[in-house]
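Participant: Here it is, the structure, as structure tokens.
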């Protein structure tokens, strides 16, 4: 909270009002956090996604993921990787905005942006205790599941929340604009 009568400059005001942005870090910084947490016996949960337009399905999914351990790491696909996966019209929001929205959620502990089409490199670097994906993913298709299991971790599929999808929201907006 900014003390009454104190008028910080724009940069200080931004820092004071947006501490959640400190959750956004490089892979190496998140890897160090993960090692520190492992030394303390804490369980690290990992998930990833595009998170193009944040909706209740995302919030419920991430909240449930966080409940599976002590620290939730969310890897957000870069703009380039979203275009590769979803097509040239996506993402709607740039990677910095998507990462910031995820970081603003109280139950998310660390956020990183990755540029690959899949998160395997990130999973290999972090080797989380729990790897989480939506229930719409079959376990044998979950990238990195083998890495996590071989290290003694587990893979959890969280049920998909019906009625919420970024693609559905975009289609509805496009139809409304026609």
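Participant: Hey, how many Å between the Cα centroid of segment 16-62 and the Cα centroid of segment 90-167?
Facilitator: For segment 16-62 versus segment 90-167, the Cα centre distance is 10 Å.
Participant: Suppose only helical runs count, i.e. DSSP H with n ≥ 4. What mean residue ellipticity at 222 nm does that imply for the chain under -39500 (n - 2.57) per run, divided by all residues and rounded to the nearest 500 deg cm²/dmol? Show your work: numbers first, answer last.
Facilitator: Values: 8 runs with 74 residues, N = 178.
Helices in the chain give a 222 nm mean residue ellipticity of -12000 deg cm²/dmol.
Participant: Right, here's the next one. What FRET efficiency, computed as 1/(1 + (r/R0)^6) with R0 = 22 Å and r the Cβ-Cβ distance, is obtained for residue 118 and residue 155, rounded to the nearest 0.05?
Facilitator: My answer for the efficiency is 0.90.
Participant: Mind grabbing the base-10 log of I(q)/I(0) for the chain at q = 0.08, 0.18, 0.19, 0.20 Å⁻¹? Debye formula, identical points on the C-alpha positions, no solvent, two decimal places.
Facilitator: Scattering profile of the chain, log10 relative to I(0): -0.27, -1.20, -1.31, -1.42.
Participant: Show me the ranking of peptides 80-93, 128-141, 62-75 by mean Cβ neighbours inside 10 Å, starting with the highest.
Facilitator: Taking the mean over residues of other Cβ atoms within 10 Å, the ranking is 62-75, 128-141, 80-93.
Computed from the coordinates by the stated procedures, all read-outs in this text should not be read as laboratory data. Keep in mind it's a predicted model, so treat the numbers as computed, not measured. Virtual Cβ from ideal backbone geometry, glycine too; neighbours counted across all protein chains shown.
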